[in-house]
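In what follows, a single structure is set out as C-alpha cells and then discussed.
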Amino acid sequence: MAIESAKYRSIKKEKDFEVRVYDEISLAVSKDDDYRGYRGFNVAFDYISGYNDQNRKISMTTPVINEMGENSMTMAFVMPSEIPFEELPKPQSDRLTMIKKEGMTFASIRFSGTVCPTSFENKKQELLSWMKKYGLKPGSLVWLARYNPPFIPGFLKRNEILISIENSTT
C-alpha cells in the first residue's frame, strides 16, 4: 500500500538539492519541543485516528514536518490531497490547529540518517550555501521533513530540510 506524499512541482534539481513549488498543502499542526517529535506526533496521530468532530479516520501521509522557528518548533501531518481543506474534520484537541498553505516555493536538501541538532544544522548550512550560489534569498520558513517511521534504521531514512525562498517568481 503506497502512502501519499505532499505534491509539488520541481523547477530545479542538482544532486541532493531541489527547488520546488507546493501549490496547496493542508496541515494538522501542534507545538513540539524536540527533534524526535513525540509530543506533537501523538496529538496529530490521535486526530487522524478519529479523535476529531466527525470520528473520521484519515490516511497517514508523508512527510511529517517540523517547522523550526527561532525559539519554537511545531510538528505537522500533511493531510491527504483528496480531502478539501474545508471538509477536514475539526480537531477535538485544542493542541492541534488546521492550516492551509498555498503557493510556497522552497529550496530543499535530501539526506539520510537519524536527525539530531548537529546534523540538522550542518545540512541547513549546506542548503543555505547552495541557495546563495544560485542567488536564492532564504525566507522565514524552515522545515524538517521526515518520510519514515522511527524504527527504520538511520541509513535508510529519508529526510529533507526545506527553506522558503523569498521573492520567488515561479
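General observations
- A count restricted to the stretch 1-47 and to residues that are at pLDDT 95 or above and at positive phi stands at 1.
- Scanning the stretch 115-157 for residues that are surrounded by 15 or more Cβ atoms within 10 Å (Cβ to Cβ), over 16 Å from the mean Cα position of the chain (by Cα) and not in a helix (DSSP H, G or I) yields Leu136, Pro138.
- Failed condition for Lys13, given (1) farther than 20 Å from Pro150 by Cβ; (2) touching a residue at least 12 places away in the same chain (Cβ under 8 Å): (2)
- The combined condition, being within 10 Å of Ala76 (Cα to Cα) and surrounded by 15 or more Cβ atoms within 10 Å (Cβ to Cβ), is not fulfilled by Val19.
The values are calculated or read from the model by the stated rules, or taken from the named source; none is laboratory data. All values reported here derive from a predicted model rather than from experimental measurement. Here Cβ is always computed from backbone atoms with ideal geometry, including for glycine, and neighbour counts include all displayed protein chains.
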